[in-house]
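The values are calculated or read from the model by the stated rules, or taken from the named source; none is laboratory data. All values reported here derive from a predicted model rather than from experimental measurement. Backbone-built Cβ (ideal geometry, glycine too); neighbour counts: all protein chains shown. Ligands, DNA and RNA are excluded from the accessible area calculation, which covers all protein heavy atoms including side chains. Shrake-Rupley method; radii C 1.70, N 1.55, O 1.52, S 1.80 Å.
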Amino acid sequence: MTPLGKSDRHTMCGIFGVIASNGRTPSITVEQATRLRDLLTHRGPDGAGVWSRENAILAHRRLAVIDPTPAGAQPFVADDQSCALVYNGELYNDASLRRALVAGGHRFRTACDTETVFNALREWGQKALPKLRGMFAIAFYDAKTKTLLLARDAMGVKPLYFTVDDREVAFASEPEPLLRMPGFTARPNMAMVSAYLTTIRTTLGNETLFQDLLCLAPGQAAVCDLSGDSPVVRVVDWWQGVRSGSSGTDAEAPAKTREVIEDSVLAHLRSDVPMCCLLSGGLDSTITTLIASGAHERLRTYCAGARIERSASEAEAMFTGDDLDHAREAAAFLGVDHSEAIVTRDLFRERWPDMVRRMGVPLSTPNEVAILAVAERLRADGCVVTVSGEGADELFAGYDAPMRAAAEFVALKAAGGTTSAGGRFEYEANAWAPPSMKPLLLTPDAWQACDHDRFAAEFYEREFSRCALEATGDASASSLDAHLRFHRRVNLAGLLQRLDSATMLASVEGRTPFADSFVARVAEGLPMSAKFSMTPGVTGGGGAHERAHGGVAVDAPPVLRTKIALREAFRDRLPARIADRPKASFPLPFQAWVEDQAGALRRSEFSKAVFSESVVEVVASDPTRNWRLAWPMINIAMWGERWWG
């Protein structure tokens, strides 16, 4: 890989801080803040820092990725102590921003991108955020104006949690430092518990699974005014997508797609420590590895999965993907040094509850266990940074079943065949625990405590209306573009959170070139026909489909084309079997493995308070058959045991 200039220096980390309102002091001491900060050591094992003044404490744990010298240490503080920054992230347009700031009169004392972010915020304030291309969670405190700016990157690659009371604002990269603050009582947010059962999302919008613990959504900032007696917090959306069709025509789409993705992958390769790629053998990871291997000699790749023998049970065989085989095939084609992290049933049984304990929240998908396993494997081999393919499906329409269902819903609504709203459709169509089942699934007290599932349903409606407005200019529109943007805002946010949590447990930085603001603007600006199409299947004539139905002429399944621009952009550089490979999910046979932890449903006191006894017995007696209920219910039971017994 070509050596980088000294301006391209970054650091990943965990951040924590407490800022009290004017005339007050933080509710914790610097020593207490240091202990809470160190709960994030896995996010930053290479160093630590803390800065304090009368009403403020900022703390930082460092994972050195570029420029591991003391120049990259944080908090980053102005010479006159008037403002300070803690920053978790990577800035991919550091050089161009630095040139603009130097031209505006700023002088730099380090070569780290932390100082670029710092000076950008001093120069432009909140307006600096759209200028930052990268992944980040930022806390910038201006002591002169008594203002704290919290911000999260456009796609939501890096998380940021916060709490507010009448005294202070506190923030952290993970929930636990905030939940462990003296005076904070961890209590379940039952509206989010109900939402999790259906969506397997541990955050939705600004809500988390804990009462009074908030989070920033992707592309959001919290402007905290601490000049008065009590904090005043205003949450704003600083990032907006572009209108559909603004990136060009169908014919132009492949070239535009290839250009922006090649640029993004190369930008995401900057590192002074060993790096690698996650390679499943699917289209997305093969593209990122293809580009990376051209710029990085002796690139290493890794894949996680389960080996299932031919004699495996029907449930295991039914749901097992073949990522390991596909990854070997892709690695051989690309000529990279490939390794595997094998997830066994015993490992899954051990890691699942351990991850819930360590993270303090339920798992979102079973793949988190596999991601942690592969992150530990690559870290043991000396790699600190890994490139992953999250984002391609949500930006370029890669999920065939959800996209087909959405297309059919849009057509039905256009024909007047349904009065259901788009948000409600998305909430029900991709449900784990169906919303209609909640009155039976939950105890009467829990059903009342979650306000009859009102929060989740209203959130989905609100988010869908926003996506429709962004895509078409009409908040009430039911377009396929709106559904795909909804997948990006909700589904991708969950996948990025999964990647961040699991990789950081192993002190590994995960980078996602597809989940990039520049890529998103091009992808969402393409017409839908450049990403997805669905045409009727061919019927009649005694074909295979008709013969399969006893000679009766029936409607053939529609023909779907997914990620059209992405496939065409790289078709000339990939074998057809990779370029046309359909989407596969869940490389683990977790449906057959959930039974190993089903005892938590009967054991957990929290489970007994949340779930009806009859449903617990049905699910615990046959969790494999009832896996769509078993997965979220067991996770909630484990999470409840972790905090309340």
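Details
- Filtered by the rule that a residue be among the hydrophobic types (A, V, I, L, M, F, W, C) and open to solvent by less than 10 Å² (accessible area, probe 1.4 Å), segment 194-216 gives Ala195, Leu197, Ile200, Leu204, Leu209, Phe210, Leu213, Cys215, Leu216.
- Those helices (runs of 4 or more DSSP H) of segment 439-528 in which at least 2 residues are open to solvent by 10 Å² or more (accessible area, probe 1.4 Å), in contact with a Ser or Thr (Cβ under 8 Å, 6 or more places away or on another chain) and not basic (Lys, Arg), considering only elements entirely within it, cover 454-472, 493-505, 517-525.
- Filter pass, Ile28 being modelled with pLDDT of 95 or more, crowded, with 16+ Cβ neighbours inside 10 Å and in a loop (DSSP other than H, G, I, E, B): yes
- Matching residues, segment 596-645, being more than 21 Å from Met359 (Cα to Cα) and of a type in the set (Lys, Arg): Arg602, Lys608, Arg625, Arg628
- Candidates Pro587, Pro582, filtered to the one that is open to solvent by 60 Å² or more (accessible area, probe 1.4 Å), modelled with pLDDT under 95 and in a loop (DSSP other than H, G, I, E, B): Pro582
- Among residues of segment 185-199 that are among the aromatic types (Phe, Trp, Tyr), those with a Cβ under 7 angstrom from a residue that is part of a loop (DSSP other than H, G, I, E, B), sequence gap 6+ or separate chain, pair up as Tyr196/Thr202; Tyr196/Leu209; Tyr196/Pro362.
- Condition check for Val233: open to solvent by 20 Å² or more (accessible area, probe 1.4 Å), among the hydrophobic types (A, V, I, L, M, F, W, C) and out of contact with any Pro (no Cβ under 9 Å at 6 or more places or on another chain): yes
Results for (1) open to solvent by 10 Å² or more (accessible area, probe 1.4 Å); (2) in a loop (DSSP other than H, G, I, E, B), shown as yes or no for each residue.
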| site | (1), (2) |
| --- | --- |
| Gln81 | yes, yes |
| Val86 | no, no |
| Gly89 | no, no |
| Leu97 | yes, no |
| Leu101 | no, no |
| Arg109 | yes, yes |
| Thr116 | no, no |
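Per-residue answers, yes or no, for (1) outside any strand (DSSP E or B); (2) of a type in the set (Asp, Glu); (3) closer than 19 Å to Ala154 by Cβ; (4) open to solvent by 20 Å² or more (accessible area, probe 1.4 Å):
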| site | (1), (2), (3), (4) |
| --- | --- |
| Arg243 | yes, no, yes, yes |
| Ser246 | yes, no, yes, yes |
| Asp250 | yes, yes, no, yes |
| Thr257 | yes, no, yes, no |
| Glu262 | yes, yes, no, yes |
| Ser280 | yes, no, no, yes |
